[in-house]
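First up is the structure itself, then whatever we jot down about it.
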Amino acid sequence: MKAVVINRFGGNDAVEVKDMPNPFAGPGEVLIRVRAASVNPIDWKIRRGLLESALKKKFPLPPR
């Protein structure tokens, strides 16, 4: 699947489209097809590093 990921803190160049493994649904879960998505304010705040102290995950990060 295609995913837009944040590779590091920084400007617009810190974001790229990557091929990622297809997700799968586990027991009690469903898998849905996403045809469109958007960048939310939390995404650019994470990219800029404004939430670095609260962020516990490692790069690359898929936007929320």
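Nothing in this text is a laboratory measurement; each read-out follows from the coordinates by a stated rule. Here the structure is a predicted model, which is why all the values come from computation and not from measurement. Quick reminder, even Gly has a Cβ in these numbers, built from the backbone with ideal geometry, and neighbours come from all protein chains shown.
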- Qualifying positions in segment 7-19 - over 11 Å from the mean Cα position of the chain (by Cα) and in contact (Cβ under 8 Å) with a residue 40 or more places away in the chain: Arg8, Phe9
- Would you be able to say whether some residue in segment 25-40 is surrounded by 12 or more Cβ atoms within 10 Å (Cβ to Cβ), in a loop (DSSP other than H, G, I, E, B) and of a type in the set (A, V, I, L, M, F, W, C)? yes
- Note on the structure: Taking first residues from segment 46-60 that are free of Cβ contacts under 8 Å to residues at least 24 places away in the same chain and assigned to a loop (DSSP other than H, G, I, E, B) and second residues anywhere that are surrounded by 10 or more Cβ atoms within 10 Å (Cβ to Cβ) and of a type in the set (A, V, I, L, M), the pairs with Cβ under 9 Å that are 6 or more apart or on different chains are Leu51/Ile42; Leu55/Ile46; Leu55/Leu61
- Members of segment 33-52 that are closer than 14 Å to Arg8 by Cα, more than 13 Å from the chain's Cα centre (by Cα) and of a type outside the set (Lys, Arg): Gly49, Leu50, Leu51, Glu52
